[in-house]
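Structure first, then comments.
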Amino acid sequence: MSAEIISFPNKVADVLEEAAVMARRGEITGVVIGAMLAGGDTLTAHSGVNFRERGVLITDLNDKRTLDFIDVNFE
């Protein structure tokens with residue numbers, strides 16, 4: 001699997017830049033990131049969250065994925 005290289009600006013950069021703006025305003029105090037790299041590897045990082053908070057954010061992401069799957073396949 002290979003990722004398409006998208007010239008700047010792109011939707012991925014837009015999401016990251018908006019999150020950075022929100023963090024600089026103090027609206028985001030913690031983050032967990034999972035990203036697909038162009039070579040197929042993944043990048044994972046976290047900042048401003050403890051072990052429990054990381055779990056909560058990861059669970060929220062998984063719940064959203066499940067709801068999206070249901071919306072696409074059963075509605």
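Name the most mobile residue of Val32, Val12, Val49, meaning the one with the largest mean-square fluctuation, in a Gaussian network model of the chain with Cα contacts below 10 Å.
Evaluated over the chain, the most mobile residue of the options is Val12.
Please get the size of the charge dipole for the chain, origin at its Cα centre, with Cβ charges of +1 on Lys and Arg and -1 on Asp and Glu, quoted in debye to the nearest 20. It would help to have the intermediate numbers written out before the result.
Details: 7 positive and 12 negative charges, 66 e Å.
Using only the charged Cβ atoms, the result is roughly 320 debye.
Nearest 500 deg cm²/dmol is fine: what mean residue ellipticity at 222 nm does the chain get from its DSSP H runs of n ≥ 4 alone, each adding -39,500 (n - 2.57), divided by its residue count? Intermediate results must be reported in sequence, preceding the final value.
Values: 2 runs with 38 residues, N = 75.
Calculated mean residue ellipticity at 222 nm is -17500 deg cm²/dmol.
Please work out whether the stretch 29-75 counts as rounded, prolate or oblate from its C-alpha gyration tensor, where a ≥ b ≥ c are the square roots of the eigenvalues and a/c under 1.5 means rounded, while otherwise a/b larger than b/c means prolate and anything else oblate?
The shape class here is oblate.
Taken together, the values in this text are just the output of simple stated rules run on the coordinates, not laboratory data. Here the structure is a predicted model, which is why all the values come from computation and not from measurement. Here Cβ is always computed from backbone atoms with ideal geometry, including for glycine, and neighbour counts include all displayed protein chains.
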